[in-house]
Amino acid sequence: MGQTNGALYTRSLSELARGLEQGEFSSRELTEVLLGRIDVHQAQLNALITVTADAALQRADAADNLRAKGDAGLLNGLPIVHKDLFCTRGVLTTCGSRILGNFVSPYDATVVARINAAGAVMLGKSNMDEFAMGSSNETSCFGPVTNPWNAQLSPGGSSGGSAALVAARVVPAATGTDTGGSIRQPAALTGTVGLKPTYGRVSRFGMVAFASSLDQAGVITRTVEDAALLLGVMAGFDRRDSTSADHPVPDYVAGLAKPLQGLRIGIVRQHFDEGLDASCAERVKAALAALEHEGATLKEIDLPNTDLSVPTYYVVAPAECSSNLSRFDGVRFGHRAADPEDLFDLYCRSRGEGFGAEVKRRIMTGTYVLSAGYYDAYYLKAQKVRQLISQDFTNAFEDVDVIAGPTAPTTAFAIGEKTDDPITMYLNDIYTIGANLAGLPGISIPCGFAAGLPVGLQLIGPHFAEETILACAHQYQQLVDWHTQCPEGFA
Amino acid sequence: MHKAVCIIARSCPVRLLGLQENPERFVSLTKDQVQHIAILARLKLADSEFDDVVDKLSRIVDFVDQLQAAPTDDVLPMAHPLNMTQRLRGDEVTEPNERDGIQQNAPSTENGYYLVPKVIE
């Protein structure tokens, strides 16, 4: 929305870009304001693992100089925080894990390099569930992040630090990664926008791998316009990622203007079952009615294998994780146990001490489903069911342009509430996991409040249809002001 | 002694034992099985965390076991989320050698080598 004269920290990335361009303030001034926000709010939120204040101010000065020379890139002088699983050259990259507690990356992830090249100023690295394995940000070895809407509550996860920072108006935008909902679910639980692009749309190079066939980088912002702006910078072919898609990158910001008239929206029956909180359902249905009022058509559809998506995911993702995380061996980087008896002891104790409980469970689940005698029954079976789930989406997209529904079954839950039962925690991602299994783009946008807590509307599109879901989400944001509402104590 | 051999016969129904003992609460994995998985995964579990791992891992295996009921005859397993084939590249050197920078993160190195405990006596 059009307001451009509020405090700098309340403004969107796009508004800040205009302010910098018009000389209303400098990047140094902006950076100082936001570093001040970090100082004030970090103690409560615990949303950052590393703050790069000195480097940020140097980058800001460099950005101001570039602008003076008329050489400003698309994100010149604009702030960004990266989730702490993106490798950042010369900066600690921990993945929220003790095993990487001392790891200083020797190179930049492609996402980081592209955002840097566009001129952005990194303020720090955000807290996250350990290796992105979690839906509550409680598995970080740096402690849980708190939700700005209520400090007793979780901001969701795994990109909970990024979501909390954006919701709390500490930064306007932060990167995240989404393997089963890790961008969209925390966005829903904090009242922010979370975009997970198509698999292969954004390079995974330099993103510490969790489950390589599911992982995808994206962003958390307050406006859809900002998500579109950042996606345009991040997306595109990268020869360093063997699954990077060689697919043209459209002008996502220009695409936002597409009106809702004629847009066919599919409503998944299975996403409005008894698992969905009634007041969340009410908010999501009201949002769908608003889209219909603006000219979209709604159609009920089925994704018959929805119930199998979470169990499928909890075979495929742990299998890939157990393989990917075998690189953490205490030999080449990361934590090494003291005084190992032999090489086997070095491996087992370095990993046993370095990984937290949830990561160990997933590694062991993956080891089990891949082990001799169980591979066919679990892993191969899950990859077949995954095909069925993917086919459900393909069938659905023959009749609709976008699939819409809730992002998460409830609003934010209490820290500690679901830690005793991994299955309850896993089921939090029931509406988001399908898009990962099928490689589809998805976005969560705020669509109201239930008992004072944000509710998220999820839009899922066909492969490489980011333009469609972004335009739909943007048009919705023109009708409402949910995304401009700020949690108490952060205004 | 640490050979990756699975100790459970393939035909053994995964959660039969737990079902018979307590139909309300499946216990699919035995302590021995979990210990074996931990060895395969190169994870040393503390005594204090072992029971919790057995319990939660069993619940996870019980949960994913519902996949068995899904009809998947004639379904091809999905190997890539976009069902694409792997791109190949020429076998060319494209990256500079950054060994010294990379080894800054290593716990123990000598003359460019990574040091580990003695493997051959």
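The values are calculated or read from the model by the stated rules, or taken from the named source; none is laboratory data. Owing to the predicted nature of the structure, the values given are computational and were not obtained by experimental measurement. Glycine gets a Cβ as well: all are built from the backbone with ideal geometry, and neighbour counts include every protein chain shown.
Given A:297, A:312, which one is among the β-branched types (Val, Ile, Thr) and free of Cβ contacts under 8 Å to residues at least 60 places away in the same chain? Reasoning before the result, please.
On the way: A:312 fails: free of Cβ contacts under 8 Å to residues at least 60 places away in the same chain.
Answer to the check: A:297.
Quick one: count up the residues across the stretch A:425-435 that are touching a strand residue (DSSP E or B) at 6+ places or on another chain (Cβ under 6 Å) and assigned to a helix (DSSP H, G or I). Give the derivation first.
Looking only at the stretch A:425-435, we keep the residues that are touching a strand residue (DSSP E or B) at 6+ places or on another chain (Cβ under 6 Å), and these are A:431, A:435.
When the remaining residues are screened for being assigned to a helix (DSSP H, G or I), the result is A:435.
Summing the residues that are touching a strand residue (DSSP E or B) at 6+ places or on another chain (Cβ under 6 Å) and assigned to a helix (DSSP H, G or I) in the stretch A:425-435 gives 1.
Can you pull out the residues in the stretch A:436-462 that are in a loop (DSSP other than H, G, I, E, B) and either surrounded by fewer than 22 Cβ atoms within 10 Å (Cβ to Cβ) or of a type in the set (Asp, Glu) (or both)?
Going residue by residue through the stretch A:436-462, those that are in a loop (DSSP other than H, G, I, E, B) are A:438-441, A:451-452, A:461-462.
Scanning the stretch A:436-462 gives A:451, A:452, A:462.
Filter the stretch A:213-240 down to the residues that are crowded, with 18+ Cβ neighbours inside 10 Å and within 13 Å of another protein chain (Cβ to nearest Cβ), then identify the one that is nearest to residue A:100 (Cα to Cα).
Once the filter is applied, the top-ranked residue is A:215.
Scan the stretch A:419-440 and give yes if some residue there is at positive phi, more than 8 Å from chain B (Cβ to nearest Cβ) and more than 18 Å from the chain's Cα centre (by Cα), otherwise no. Explain how you work it out, then say what you get.
Applying the first criterion (at positive phi) to the stretch A:419-440 yields A:439.
From what is left, the residues that are more than 8 Å from chain B (Cβ to nearest Cβ) are none.
The answer is no, given that none of the residues of the stretch A:419-440 is at positive phi, more than 8 Å from chain B (Cβ to nearest Cβ) and more than 18 Å from the chain's Cα centre (by Cα).
Tell me, which residue of the stretch A:167-187 that is part of a helix (DSSP H, G or I) and touching a helix residue (DSSP H, G or I) at 6+ places or on another chain (Cβ under 7 Å) is nearest to residue A:31 (Cα to Cα)? First the steps, then the outcome.
Step one: of the stretch A:167-187, the residues part of a helix (DSSP H, G or I) are A:167, A:184-187.
Remaining after also requiring touching a helix residue (DSSP H, G or I) at 6+ places or on another chain (Cβ under 7 Å): A:167, A:185-187.
Working: A:167: 18, A:185: 28, A:186: 25, A:187: 24 Å.
Filtering first and then ranking leaves A:167.
Among (1) among the small types (Gly, Ala, Ser); (2) in contact (Cβ under 8 Å) with a residue 24 or more places away in the chain; (3) not in a helix (DSSP H, G or I), there is one condition residue A:322 misses while meeting the rest; what is its number?
(3)
Does residue A:203 satisfy the condition of being surrounded by fewer than 24 Cβ atoms within 10 Å (Cβ to Cβ) and either out of contact with any Cys (no Cβ under 6 Å at 6 or more places or on another chain) or at pLDDT below 95 (or both)?
Numbers: surrounded by fewer than 24 Cβ atoms within 10 Å (Cβ to Cβ): no; either out of contact with any Cys (no Cβ under 6 Å at 6 or more places or on another chain) or at pLDDT below 95 (or both): yes.
So residue A:203 fails the test.
For residues that are assigned to a loop (DSSP other than H, G, I, E, B), in contact with an Asp or Glu (Cβ under 9 Å, 6 or more places away or on another chain), surrounded by fewer than 22 Cβ atoms within 10 Å (Cβ to Cβ) and not polar (S, T, N, Q), tally how many sit in the stretch A:385-416.
3
Give the number of residues within the stretch A:332-348 that are more than 23 Å from residue A:104 (Cβ to Cβ) and within 32 Å of the chain's Cα centre (by Cα).
Summing the residues that are more than 23 Å from residue A:104 (Cβ to Cβ) and within 32 Å of the chain's Cα centre (by Cα) in the stretch A:332-348 gives 1.
What pairs come up if the first residue lies in the stretch A:473-486 and is closer than 16 Å to residue A:286 by Cα, the second is part of a helix (DSSP H, G or I) and of a type in the set (Asp, Glu), and their beta carbons are under 9 Å apart, counting only those six or more places apart or on different chains?
Taking only residues 6 or more apart or on different chains, the pairs are A:477/A:225.
In this structure, does residue A:421 turn out to be over 22 Å from residue A:147 (Cα atoms) and acidic (Asp, Glu)?
On the way: over 22 Å from residue A:147 (Cα atoms): no; acidic (Asp, Glu): yes.
For residue A:421, the condition - over 22 Å from residue A:147 (Cα atoms) and acidic (Asp, Glu) - is not met.
For the condition over 23 Å from the mean Cα position of the chain (by Cα) and either of a type in the set (D, E, K, R) or in a loop (DSSP other than H, G, I, E, B) (or both), what is the one hit in A:23, A:19, A:36? Give the derivation first.
Numbers: A:19 fails: either of a type in the set (D, E, K, R) or in a loop (DSSP other than H, G, I, E, B) (or both); A:36 fails: either of a type in the set (D, E, K, R) or in a loop (DSSP other than H, G, I, E, B) (or both).
It is A:23.
Mind listing just one residue for me: the one in the stretch A:96-112 that is within 14 Å of another protein chain (Cβ to nearest Cβ) and in contact with a Lys or Arg (Cβ under 9 Å, 6 or more places away or on another chain) and, of those, farthest from residue B:96 (Cα to Cα)?
A:99
With more than 12 Å from chain B (Cβ to nearest Cβ) and either touching a residue at least 24 places away in the same chain (Cβ under 8 Å) or touching a Phe, Trp or Tyr at 6+ places or on another chain (Cβ under 6 Å) (or both) as the only criterion, which of A:279, A:244 stands out?
Working: A:244 fails: more than 12 Å from chain B (Cβ to nearest Cβ).
Exactly one residue qualifies, and that residue is A:279.
For the stretch A:229-240, which positions are assigned to a helix (DSSP H, G or I) and in contact with a strand residue (DSSP E or B) (Cβ under 8 Å, 6 or more places away or on another chain)? Break it down into steps so the answer makes sense when it comes.
The first filter runs over the stretch A:229-240 and keeps only residues assigned to a helix (DSSP H, G or I), leaving A:229-234.
Matches in the stretch A:229-240: A:230, A:231, A:234.
This table checks each residue for (1) at pLDDT 95 or above; (2) not β-branched (Val, Ile, Thr).
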site	(1), (2)
A:5	no, yes
A:8	yes, yes
A:19	yes, yes
A:23	yes, yes
A:28	yes, yes
A:37	yes, yes
A:49	yes, no
A:52	yes, no
A:61	yes, yes
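Restricting the search to the stretch A:241-273, which residues are surrounded by 21 or more Cβ atoms within 10 Å (Cβ to Cβ) and part of a helix (DSSP H, G or I)?
A:252, A:271
For residues in the stretch A:321-365 being more than 7 Å from chain B (Cβ to nearest Cβ) and among the polar types (S, T, N, Q), which is farthest from residue B:64 (Cα to Cα)?
Ranking the candidates gives A:350 first.
With touching a residue at least 12 places away in the same chain (Cβ under 8 Å) and touching a strand residue (DSSP E or B) at 6+ places or on another chain (Cβ under 6 Å) as the only criterion, which of A:401, A:392 stands out?
Values: A:392 fails: touching a strand residue (DSSP E or B) at 6+ places or on another chain (Cβ under 6 Å).
Every option except A:401 fails the conditions.
Could you check the stretch A:47-59 and list, in sequence order, the residues that are crowded, with 21+ Cβ neighbours inside 10 Å and under 25 Å from residue A:148 (Cβ atoms)?
We begin by selecting, within the stretch A:47-59, every residue crowded, with 21+ Cβ neighbours inside 10 Å; these are A:47-49, A:52, A:56, A:59.
Result: A:47, A:48, A:49, A:52, A:56.
Would you mind telling me which numbered condition in (1) under 24 Å from residue A:96 (Cα atoms); (2) touching a residue at least 40 places away in the same chain (Cβ under 8 Å); (3) in contact with a Phe, Trp or Tyr (Cβ under 6 Å, 6 or more places away or on another chain) residue A:366 fails?
Unmet for residue A:366, out of (1) under 24 Å from residue A:96 (Cα atoms); (2) touching a residue at least 40 places away in the same chain (Cβ under 8 Å); (3) in contact with a Phe, Trp or Tyr (Cβ under 6 Å, 6 or more places away or on another chain): (3).
If I ask for residues that are of a type outside the set (A, V, I, L, M, F, W, C), buried (at least 17 other Cβ atoms within 10 Å of the Cβ) and at the interface with another protein chain (Cβ under 7 Å from one of its Cβ atoms), which ones from the stretch B:45-72 would you list?
The answer is B:56, B:59, B:72.
Scan the stretch A:366-373 and tell me whether some residue there is more than 7 Å from chain B (Cβ to nearest Cβ), at pLDDT below 95 and part of a loop (DSSP other than H, G, I, E, B).
Among the residues of the stretch A:366-373, not one is more than 7 Å from chain B (Cβ to nearest Cβ), at pLDDT below 95 and part of a loop (DSSP other than H, G, I, E, B), which makes the answer no.
Given (1) part of a loop (DSSP other than H, G, I, E, B); (2) touching a helix residue (DSSP H, G or I) at 6+ places or on another chain (Cβ under 9 Å); (3) at pLDDT 95 or above; (4) more than 22 Å from residue A:213 (Cα to Cα), identify the lone condition not met by residue A:491.
Here residue A:491 meets the rest and fails (3).
Within the stretch B:95-106, which residues are at the interface with chain A (Cβ under 8 Å from one of its Cβ atoms) and assigned to a loop (DSSP other than H, G, I, E, B)?
B:98, B:104, B:105, B:106
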